[in-house]
1. Please get the size of the charge dipole for the range 11-62, origin at its Cα centre, with Cβ charges of +1 on Lys and Arg and -1 on Asp and Glu, quoted in debye to the nearest 20.
2. Starting from 0.36 nm per residue, how many nanometres of slack lie between residue 124 and residue 21 once their C-alpha separation is accounted for?
3. Would you please calculate the Kirkwood hydrodynamic radius of the range 25-80 over all C-alpha pairs and express it in Å, rounded to one decimal?
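Laboratory data are not the source of any read-out in this text; all were calculated from the coordinates shown. Here the structure is a predicted model, which means the values were calculated and not measured. Here the Cβ positions follow ideal geometry from the backbone for every residue, glycine too, while neighbour counts run over all protein chains shown.
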Amino acid sequence: MKLINQDADYALKALLTVAGRGGEVTTVSELAGSLGIPRPYLRKIMQTLARAGVVRSSKGRGGGFVLGRAAGKILLADVIRVFQGPISLHDCLFKKRICPDVRTCPLRNAIGRLESRLVEDLETLSVASLLGGKRGRARRMPGRAGSLGKHIKGGTSSGPSKERRQP
C-alpha cells in the first residue's frame, strides 16, 4: 500500500517550490531543473494541477505557473485526490471470498476507522503548513527534493526523488 503515489509526490514538491517563490511565475523548466524531475513528466503534472484549479498557468514569454489559491487552502488531501482519487486504505484483501457480508467484517471496520482519522489529519496539512513547518511536521523545501515522506517527518534530502536508507 502506498499512501502517496509518484505523481502526487512530484506535484506536492512542485507546489512547495512554486509557493516558496512568493507569487513569482515559475516555469516547468525551472521546476524540473531544481527538483530533478523530467520536464515532460512534470509538465503533465502541472497541467493536471491547472485543470484542478490548484495552480494557474499562463502561456508565452514570461508564462509559467503560480498558485491558483492561497497556499493555506491547498491541502495535502486534495493533491492526493487529484492524482489518485478518493483516499482509501480498505480494499478487501480477500476480494470478498471469505466474508459473506463485507459490511460486518471486523478488519474492514477497524481499517475504516483508521482511514477516517488519516483523512482528517491529511486535511489539516496544507502547502503553507508544510513550508512553514506548522504542526512540527515539515521543513522548508530544499532546492532539490528527496522523497516527500522525509519532509513530513522533518528530515532533509539533497538528491532527486530516490529512496535512501537511513544509517
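1. Details: 9 positive and 2 negative charges, 43 e Å.
The dipole magnitude comes to about 200 debye.
2. Numbers: separation 103, 0.36 × 103 = 37.08 nm, distance 2.24 nm.
In short, 34.8 nm is gained.
3. 11.7 Å
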